[in-house]
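**Q** First the structure, then my questions, so here it is.
Here, each number is a calculation from the coordinates, and none is a lab measurement. None of these values were measured; they are calculated from a predicted model. Quick reminder, even Gly has a Cβ in these numbers, built from the backbone with ideal geometry, and neighbours come from all protein chains shown.
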Amino acid sequence: MKKISLFLFTLFILVLTSQKAFAASPGGATKCSGTVIDLGIEKKLLPFGELMRPGQCGTKPNKIVVHTTEGITSADGLWDYFADSPEGRYASTQFTVGKDGKALQMLETLSDKAEIGWAVAGYNGNSVSIEVGHTGDYNSKAEAPAMQYQSLIELIRKLMGAYNIPVGDIEYTTSNNSDTQSDGTIKLESTGVFGHYQLSPNSRQDPGSGFLRDVREDLKALGPASGSGTLTSGSGSASSTSCVITKVGDPKDPPPPLPALCTSNTSSGSGGLPAGPCQVAPPVPANVKQAIIDKWGITLNLPDDQIALAWGEFYQIDCTGFLQDIKGTTIGSWGNAYAQQFSCPGAGDANIQFSNQWSGRFMQTILVHEMTHVWQNCSTNGEQNKLDNDAAFEAEGGLTMYSRTGCSFNVDLSNEDHADTIALYLNPDQGELTCGGGAPNPFSTGYYPKHKASAEKGVSKKL
Ligand SMILES: [Zn+2]
C-alpha cells in the first residue's frame with residue numbers, strides 16, 4: 001500500500017495574469033510565440049477577452065472541426081456576435097464561412113499551434129474549428145450555397161496542408177471503432193476532419209452527418225492536401241505563452257454557471273464543497289504551525305503567511321477526511337516556482353517541496369493538489385480514488401489542460417488529473433492552476449460528470 005516513488009509527480013509553472021477586458025474592436029497580435037502562418041483568408045482577430053479570446057496557445061492541431069451556427073449566417077455577423085460583450089460569450093472559433101462564401105479568420109494560426117478559442121468542449125487545445133453560417137444543421141451539401149460550400153472545402157484543404165491533417169475515416173455515427181471511447185466521444189489523439197457532433201455526441205448534431213459525409217467524400221476525391229509550402233509566413237509576437245488552457249463552449253452553449261463558493265458552515269454541496277460540515281477556520285493562533293501539527297499531524301515548514309493560509313484551507317476541507325488520510329506528511333519550502341511530491345509520510349525530511357513564491361487562494365488550491373499526490377500514492381483511500389479517477393480520465397479525458405498535455409513537463413497525466421480533480425473540486429471558486437491558468441473551474445462547466453462523481457465519492461464524507 002505504501003508506495004514511494006522517486007519520480008516527479010508534479011511541476012507547476014507560474015500563473016500568468018489573465019487578460020483584461022478590451023473594447024470590441026479587432027484584437028491585437030497573438031501572444032503565442034512562433035511563426036504565424038497566412039492561409040490567405042481575410043483576418044479579423046477577435047479582441048482579447050477571457051470568454052472569447054483568452055490569449056492562450058494550443059498544441060499542434062490534429063483535428064479540423066466543422067460546425068454550423070443557428071441563425072447567424074454571415075462571417076462578419078458571427079464576429080460581431082462573439083465580440084459584442086467585453087469578455088465575450090464563452091464562444092469563439094478560429095474560422096467562419098458565411099453563406100456568401102466569405103471566410104474570416106478570427107484567431108491566429110501558427111506553424112505549430114493555433115490560438116485557443118471556445119468551440120468544442122474538451123478539444124479546444126488541439127483542434128481548429130470552422131463555423132459555417134446557417135440556421136441549424138445541413139442534411140447535405142446540396143442545402144448549402146455553392147459558394148459557401150466551395151469556400152469551406154478550400155479552407156479545410158489549406159488547414160489539412162498546414163497541419164498535416166488527413167481527412168480521417170472515423171465513422172459518421174458514434175459507433176464502435178478504435179477512435180471512440182466508451183462514452184461515445186473521440187479520443188484526444190485521433191486525427192482527421194470531424195463534425196462537432198462527433199466530439200460532443202450528447203449535445204450536438206451540427207453540422208449534420210450527411211453534410212459531413214459530403215465534405216469528407218469531396219476532400220477524398222480531391223486527393224492529398226497541399227503541404228505547408230503554399231503558406232507564406234510572417235512572425236508572431238515574441239511573448240512566451242508556452243502553455244495552454246482549454247475552454248469549453250460553443251455558440252449554442254448557455255453560459256456556464258458561476259462556481260459556488262463554500263463560505264458558510266452549512267454548504268449543501270451543490271457546486272461547492274461536498275455535503276457535510278464546511279468549517280470556517282477560527283482565527284489563526286499564535287503558533288499556527290504547532291496548532292496544525294496538533295490538529296492534523298501535518299508539518300508545514302513553510303513561510304508564516306503560507307502556514308496561515310493552510311490553516312484556513314485545512315478547516316475548509318476538514319469535513320472530507322482527506323487530511324486524516326495523509327497524516328504525518330511533512331511539507332518543505334523551496335524557491336522554485338513549482339512544487340513536487342517526493343515521498344510518503346515518514347520518509348525523509350520533506351514529502352513535498354512547495355514553492356515559497358505562491359500566495360492567496362492559488363497557494364491554498366495548489367497545496368491541496370500536492371497533498372492529493374500524497375493521498376493517491378500513500379493511502380488506501382487515495383489509491384482507490386485514483387483508480388476511480390482513472391476511469392473518468394479515460395472516459396472524459398483530462399479535466400484541465402495540464403492533465404491533458406502536461407504543459408511542457410514530463411509528468412504522469414493520470415496522476416495530475418487526479419490531483420487537479422481533487423484540488424479543483426474542493427476549491428470550486430478556483431480556475432485551472434497551471435498552463436497559464438485563467439480557465440474557469442472545470443466543474444463549473446458541467447462537462448466532467450465522471451470526474452465529479454469520482455471526486456464526490458472520494459472526498460464527500462469522513463472516510
Ligand atoms: Zn501535480
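**Q** Taking the Cα centre of the range 37-233 as the origin, how large is its charge dipole in debye, to the nearest 20, when only Lys and Arg (+1) and Asp and Glu (-1) carry charge on their Cβ atoms? Spell out each step's value before the answer.
**A** Values: 17 positive and 25 negative charges, 70 e Å.
Dipole size: approximately 340 debye.
**Q** Also, quick follow-up: Let me make sure I get this right: for the range 33-107, a, b and c are the square roots of the gyration tensor eigenvalues over alpha carbons, sorted descending. Under 1.5 in a/c it's rounded, otherwise prolate if a/b > b/c, else oblate. Which is it? Let's see the in-between values first.
**A** Numbers: a/c = 1.61, a/b = 1.14, b/c = 1.42.
Judged from the Cα gyration tensor, the range 33-107 comes out oblate (a/c at least 1.5, b/c at or above a/b).
**Q** Shifting gears a bit: How many angstrom lie between the C-alpha centres of the range 318-338 and the range 381-438?
**A** Answer, in whole Å: 17.
**Q** Turning to a different aspect of this structure: Order the peptides 127-133, 117-123 from the highest to the lowest mean number of other Cβ atoms within 10 Å of their residues. It would help to have the intermediate numbers written out before the result.
**A** Working: 127-133: 27.6, 117-123: 25.7.
Result, highest mean Cβ count within 10 Å first: 127-133, 117-123.
**Q** Now for a separate question. Once the dipole of the range 37-233 is set up with Lys and Arg at +1 and Asp and Glu at -1 on Cβ about the Cα centre, which of Tyr90, Ser111, Pro201 lies farthest towards its positive end?
**A** Ser111
**Q** Considering the alpha-carbon set of the range 288-459 alone, what are its Rg and its Dmax in angstrom?
**A** Cα-based Rg and Dmax for the range 288-459 come out at 14.8, 43 Å.
**Q** May I ask what percent, to the nearest 5, of DSSP beta bridges between residues of the range 288-459 are antiparallel? Present the calculation step by step, with values, prior to reporting the outcome.
**A** On the way: 2 of 8 bridges.
Around 25 percent of the beta bridges assigned by DSSP in the range 288-459 are antiparallel ones.
**Q** Shape call for the range 37-233 from the C-alpha gyration tensor, a ≥ b ≥ c root eigenvalues: rounded (a/c under 1.5), prolate (a/b greater than b/c) or oblate?
**A** Numbers: a/c = 1.20, a/b = 1.19, b/c = 1.01.
Since a/c stays below 1.5, the shape of the range 37-233 is classed as rounded.
**Q** Sticking with this one: Check Thr68: other-chain or 5+ apart residues with amide H under 5 Å from its amide H, H built from backbone geometry?
**A** Val132
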